[in-house]
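The values are calculated or read from the model by the stated rules, or taken from the named source; none is laboratory data. Owing to the predicted nature of the structure, the values given are computational and were not obtained by experimental measurement. Cβ placement follows ideal geometry from the backbone for every residue including glycine, while neighbour counts extend to all protein chains displayed.
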């Protein structure tokens with residue numbers, strides 16, 4: 001119970017598996033029911049449309065559930081990255097110059113228009 005209340009792990013990843021299993025079972029039962037309905041009532045329109053609707057709905061649900069899983073995996077990976085020690089920025093990592101840039105001999109210019 002303590003682990004459930006601590007929000008250390010996402011419940012959604014487990015829930016996605018349950019939702020997909022239930023949806024797949026309902027889709028399979030719907031397809032079986034539509035086959036029985038077609039033979040009992042001789043309805044050729046239902047024989048064509050019901051399987052397309054069920055398979056299309058399952059495909060859309062699967063894609064949506066995979067997107068949900070991807071979002072939660074991104075959140076997991078982001079939290080791992082956030083817990084790593086911070087790297088120094090480029091200005092902190094660059095060594096400081098010990099002395100100024102030497103100047104050229106007297107009379108030299110910095111360019112053609114100086």
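Structural remarks
- The condition of being touching a residue at least 12 places away in the same chain (Cβ under 8 Å) and either at negative phi or part of a helix (DSSP H, G or I) (or both) holds for only one of 52, 58, that being 58.
- Any hit, segment 26-41, residues being assigned to a helix (DSSP H, G or I) and modelled with pLDDT under 80: no
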